[in-house]
Number of protein chains: 2
Amino acid sequence: MRAEVIGVGTEILLGQIANSNAQWISDRLARIGIDVLHHQAVGDNEERIADAFRLALSRAEVVVATGGLGPTQDDITRQAIARALGVPLVRHPEIEGFLREKFAGIGRRMPESNLIQADVPEGARYILPDRGTAPGLACPAGEGRMLYAVPGVPAEMREMMDGTILPELELVAGPAAIASRIVRCTGIAESAVAELLDDLFHGSTNPTLAYLASSGEVKVRITAKGASRAEADALIEPLAAEVARRLGDHVFTTADEELEQAVGRLLRATGRTVACAESLTGGGLATRLTAAPGASDYFLGSAVCYTAEAKAAVLGVRRETIEEHGPVSEACAREMAAGARRLFGADVAVALTGVAGPDPHGDAPPGQVWLALEAEGAGHARGFRAPGDRDQVRRWAEQAALDLLRRHLDGKLLPE
Amino acid sequence: MRAEVIGVGTEILLGQIANSNAQWISDRLARIGIDVLHHQAVGDNEERIADAFRLALSRAEVVVATGGLGPTQDDITRQAIARALGVPLVRHPEIEGFLREKFAGIGRRMPESNLIQADVPEGARYILPDRGTAPGLACPAGEGRMLYAVPGVPAEMREMMDGTILPELELVAGPAAIASRIVRCTGIAESAVAELLDDLFHGSTNPTLAYLASSGEVKVRITAKGASRAEADALIEPLAAEVARRLGDHVFTTADEELEQAVGRLLRATGRTVACAESLTGGGLATRLTAAPGASDYFLGSAVCYTAEAKAAVLGVRRETIEEHGPVSEACAREMAAGARRLFGADVAVALTGVAGPDPHGDAPPGQVWLALEAEGAGHARGFRAPGDRDQVRRWAEQAALDLLRRHLDGKLLPE
């Protein structure tokens with residue numbers, strides 16, 4: 001069964017709001033195995049809305065439209081449905097009674113203009129709302145096709161989708177589900193991932209593979225369709241395992257978690273505490289390590305030292321080190337890590353120093369990063385040049401530091 | 001001039017990501033007076049993408065597509081453009097050279113599969129990226145119509161829109177412009193802002209007023225349409241001034257800058273240096289203060305101290321203070337600020353301590369925040385209870401600390 005989601009509202013086309021309803025509805029339809037092949041968004045213009053409905057009904061069995069069901073003159077989804085389906089609007093006294101009661105319940109007089117919400121395309125069912133005043137519509141559109149219209153206010157939309165439309169569609173669509181698993185990895189380029197998985201990509205139709213890259217991370221998404229969630233999961237399992245096997249140590253999770261969450265999980269599991277020393281990331285590494293509730297179980301603190309003086313005074317980096325090697329150097333990163341470990345009394349410490357850019361710092365070009373880790377009997381350092389702008393360089397540096405920490409905690413770092 | 005925005009990517013149709021690019025692009029097109037009449041989103045299927053392009057080109061003069069320009073096999077926007085326009089793809093040696101240099105620059109081997117990014121539909125121009133490796137495309141589509149394709153990664157998309165496509169469209173679209181000014185304020189509720197501006201809101205049609213609230217901030221957007229940018233700006237000017245006058249000290253900018261940028265500007269202007277001490281924000285305050293290039297002119301460092309031991313050892317908070325008042329207290333915040341100022345040798349220091357939640361910390365409920373500022377001859381502290389989840393509480397705390405700093409630097413804080 002194919003579906004299409006249509007957002008109605010000029011505010012979407014002006015960029016004043018994101019069409020977040022389309023994302024939510026698509027996710028819920030995928031979960032019950034209904035393929036969404038198109039989204040559309042269209043403004044408050046009756047003819048264009050009707051055209052969008054006709055186009056959608058020509059290529060999908062189920063169309064879900066959001067928005068344009070309010071009580072004001074620019075709410076014209078009802079008329080557009082009537083036009084697209086070639087039927088008149090019929091006023092329903094039950095809805096009228098419902099609206100009058102709603103207003104009476106909150107002690108307000110109902111403007112007569114509100115009665116347009118009691119208009120329903122001939123042959124359609126309506127869905128009375130708990131929240132708000134806008135009824136939803138379920139309109140048969142010939143050849144077993146259905147056009148649903150729900151309010152644009154997210155809470156009102158979700159109420160009708162969860163309460164009426166999704167259960168109805170689940171019955172009609174029968175037992176089928178789309179499931180996804182995401183294998184997330186770091187320290188490897190998207191194109192290198194694609195090379196390693198090339199035959200799997202071309203050899204798989206159900207499940208399918210897809211790639212998504214961001215600064216310092218590549219996601220591999222494995223998606224399968226089955227007669228049930230369990231069947232879809234069973235289809236995914238062997239491919240996900242093979243993908244993870246080929247990507248090896250680069251994989252930090254096959255669960256839906258961020259790199260910092262994977263690191264937090266490892267810290268908790270190994271009962272170790274962590275501290276940081278940061279320069280170019282300005283606290284970003286600590287912010288990510290403390291994003292999850294309960295981070296105080298393993299995170300002790302971070303010394304954000306932007307200046308050479310602070311690196312010396314707070315972290316005990318030797319002045320000769322900075323004079324000889326500069327603040328963006330392996331030697332400085334190592335002393336920062338050692339200093340942070342001592343200062344906070346942590347089991348493990350990671351340090352980051354570098355040039356976020358856009359300007360170079362002394363001899364060090366923008367994007368140059370040095371990171372170091374220090375723990376009982378273990379020390380590691382590496383340097384690299386991160387691509388991109390200031391934000392991206394900072395993100396790359398954080399990813400590399402979290403990854404070094406992950407590999408250390410996982411016992412995957414070879415001794416230097 | 002009419003435009004259409006097309007998001008390419010199965011992840012959009014599966015509801016795994018929001019099509020936020022469509023919102024951003026629509027907003028920018030509106031600002032230069034270009035009407036967006038439709039959005040579409042379509043998955044990674046060459047025929048359906050080509051159909052979407054054909055439909056868009058039949059009803060808009062400008063089509064902007066995002067996504068599907070990466071180096072992997074599921075990136076097929078290039079092929080879909082070639083199919084829709086009926087032209088072959090041509091490999092460009094200049095792009096090939098550019099790609100090889102990009103990879104060499106970061107010391108990585110380029111997989112040969114990356115070369116598909118050097119393919120350009122015949123007759124089209126390409127836009128070389130600063131960020132990432134995916135070139136954008138500008139494809140003449142007959143009868144003066146243009147089909148632009150840019151990467152789906154937001155930063156890469158924005159770079160090409162801002163740097164090439166929007167300036168080009170502005171020239172072609174000629175003088176008609178929608179302009180906006182945003183007055184940003186903090187320390188005041190959205191409903192209080194709306195009350196202060198009620199008559200302006202109802203009395204204005206061009207320009208119009210709109211409100212947008214987020215954690216610890218309210219934006220008032222003033223939008224006008226004119227025959228030119230200058231005309232639209234002239235319509236905005238008196239209303240923006242009146243809005244700013246009524247909101248008074250709560251306004252931190254009428255330029256398009258973040259609160260941390262306004263603070264950075266004041267620090268630079270007054271030649272003062274700043275340091276922080278952070279607990280619940282975990283480095284978030286420092287991250288924001290260092291987000292702007294050149295932050296090293298005024299930012300010295302931040303001591304992120306998550307534990308009582310670290311607050312004592314690093315910042316010199318007295319153990320009695322913590323035992324008597326707890327770590328989430330005015331007394332602790334004041335000693336943290338004093339400690340950070342001493343540790344980093346800063347002119348001004350701000351400290352944050354509190355409970356991000358979801359669990360309480362001792363007697364302190366989730367959302368409880370204490371902040372303090374210390375400078376030569378000045379000390380301030382305040383406590384409040386922030387609403388929302390962990391992220392929102394952290395954001396509120398950062399906003400309050402930045403605002404305290406702003407008011408201090410601006411000379412608007414009364415002595416205690």
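Read-outs: derived from the displayed coordinates by stated rules, not from any lab. Predicted model, so just to flag it, every value in this text is computed and none were measured. Ideal geometry is used to build each Cβ from the backbone, glycine not excepted, and the neighbour counts take in all protein chains shown.
In table form, for the structure just shown:
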{"quantity": "Two-site label geometry, A:Arg268 and A:Asp363: point separation in nm, points 7 Å out along Cα→Cβ", "calculated": "4.5"}
{"quantity": "Anisotropy class of the stretch B:17-163 from Cα gyration tensor, a/c 1.5 cut", "calculated": "prolate"}
{"quantity": "Quarter of Cα convex hull surface for the stretch B:315-376, i.e. mean projection, nm²", "calculated": "4.0"}
{"quantity": "The stretch B:262-416: translational diffusion in µm²/s, Stokes-Einstein, Kirkwood Rh over Cα pairs, 10 °C, 1.306 mPa s", "calculated": "105"}
{"quantity": "Using distinct alpha-carbon pairs, which all enter the 1/r mean, Kirkwood radius of the protein assembly as shown in Å", "calculated": "29.1"}
{"quantity": "Equivalent ellipsoid semi-axes - Cα gyration tensor, the stretch B:1-49, angstrom", "calculated": "22, 13, 6"}
{"quantity": "Signed unit charges on C-beta, dipole axis of chain A, positive-most listed residue A:Leu197, A:Leu247, A:Ala286", "calculated": "A:Ala286"}
{"quantity": "Percent of beta bridges antiparallel (DSSP, the protein assembly as shown, rounded to nearest 5)", "calculated": "65"}
{"quantity": "Kirkwood hydrodynamic radius over Cα pairs of the stretch B:219-292, then Stokes diffusion coefficient at 25 °C and 0.890 mPa s, in µm²/s", "calculated": "164"}
{"quantity": "The stretch B:141-210: GluC sites (Glu not before Pro) in DSSP coil with no more than 14 other Cβ atoms inside 10 Å", "calculated": "B:Glu143"}
{"quantity": "Cα-projected label distance for B:Leu115 with A:Asp297, points at 7 Å along beta-carbon direction, nm", "calculated": "5.1"}
{"quantity": "Using a Förster distance of 30 Å, the FRET efficiency for B:Ala194-A:Ser214 (Cβ separation, nearest 0.05)", "calculated": "0.20"}
{"quantity": "Chain A: relative contact order as a whole-number percent, Cα under 8 Å and 6+ apart", "calculated": "10"}
{"quantity": "Karplus 3J(HN,Hα) series, Hz, for the stretch A:278-285 with 6.51 cos²θ - 1.76 cosθ + 1.60 (x for Gly, Pro)", "calculated": "10, 10, 4, 7, x, x, x, 5"}
{"quantity": "Antiparallel bridge percentage (DSSP; both residues within chain B; nearest 5)", "calculated": "60"}
{"quantity": "Ellipticity estimate at 222 nm from DSSP helix runs (n ≥ 4, -39,500 (n - 2.57)) divided over chain A, nearest 500", "calculated": "-12000 deg cm²/dmol"}
{"quantity": "Inter-copy spacing of A:Arg268 label points, which lie 7 Å from Cα along Cα→Cβ, given in nm from shortest upward", "calculated": "4.2"}
{"quantity": "Normalised contact order of the stretch A:233-376, rounded percent, pairs of Cα under 8 Å and 6 or more residues apart", "calculated": "22"}
{"quantity": "Viscosity 1.306 mPa s, temperature 10 °C, Stokes-Einstein D of chain A from Kirkwood C-alpha radius, µm²/s", "calculated": "63"}
{"quantity": "C-alpha center-to-center spacing [the stretch B:315-373, the stretch B:184-198] in angstrom", "calculated": "29"}
{"quantity": "Value in Å of the Kirkwood radius, where the stretch A:177-253 supplies the Cα pairs that are averaged", "calculated": "12.4"}
{"quantity": "Inter-label distance for A:Ala234 and B:Glu330, nm, one decimal - labels placed 7 Å from Cα along Cα-to-Cβ", "calculated": "6.6"}
{"quantity": "Most mobile listed residue (B:Ser279, B:Ser26, B:Ser296) in chain B, GNM with C-alpha springs under 10 Å", "calculated": "B:Ser296"}
